[in-house]
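These notes are about the structure you will find just below.
The values are calculated or read from the model by the stated rules, or taken from the named source; none is laboratory data. What you see is a predicted model; the values in this text were computed from it and never measured. Backbone-built Cβ (ideal geometry, glycine too); neighbour counts: all protein chains shown.
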Amino acid sequence: MKFQKAIVYVEDAKASVEFFEQAFGWKATYYDQGYGEVETEGDTKISFANYPVGQSHLPEKYTVGTPDKVGFELSLVSDDVEGDFRRAVEAGAEPLQQPEKKPWGQISSFLRLPDGTVIDLASPVAY
């Protein structure tokens with residue numbers, strides 16, 4: 001078994017896909033009727049589904065679309081945290097924590113994307 005993708009429920013899936021293309025240079029591999037995907041390194045994808053598409057995946061007792069609450073974050077690893085952080089802010093992300101070097105040597109930062117997704121953008125960790 002392997003992890004294939006994460007699906008993020010957002011108001012506008014196409015806008016989210018376009019943001020990832022602009023801010024991080026990732027290629028959209030698919031978009032149709034409220035659902036889109038961007039490729040990452042390796043086989044894993046990040047997918048975006050409009051709220052109605054996401055709601056169609058779930059029983060009625062669960063509600064998709066609470067952008068005021070953060071239920072997860074996506075962690076992205078970069079060799080150029082400062083440059084990628086700057087490009088993401090220029091593309092419309094809200095800076096939550098500027099890139100800073102942690103005591104263990106990793107450079108770490110946090111962003112909130114226009115669709116509400118929280119991103120942990122950091123350098124690789126040496127274990």
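Remarks
- Restricting attention to segment 35-85, the residues being modelled with pLDDT of 90 or more, under 16 Å from E11 (Cα atoms) and exposed (fewer than 12 other Cβ atoms within 10 Å of the Cβ) number 0.
- Selection count where residues are surrounded by fewer than 16 Cβ atoms within 10 Å (Cβ to Cβ) and either of a type outside the set (S, T, N, Q) or at positive phi (or both), scope segment 16-27: 3
- Residue among V10, V53 that is in contact with a helix residue (DSSP H, G or I) (Cβ under 7 Å, 6 or more places away or on another chain) and among the aliphatic types (A, V, I, L, M): V10
- Test set (1) modelled with pLDDT of 90 or more; (2) surrounded by 15 or more Cβ atoms within 10 Å (Cβ to Cβ) - G116 fails condition number: (1)
- Positions within segment 86-108 being over 18 Å from E41 (Cβ atoms), at pLDDT 95 or above, surrounded by 15 or more Cβ atoms within 10 Å (Cβ to Cβ) and small (G, A, S), in sequence order: A91, A93
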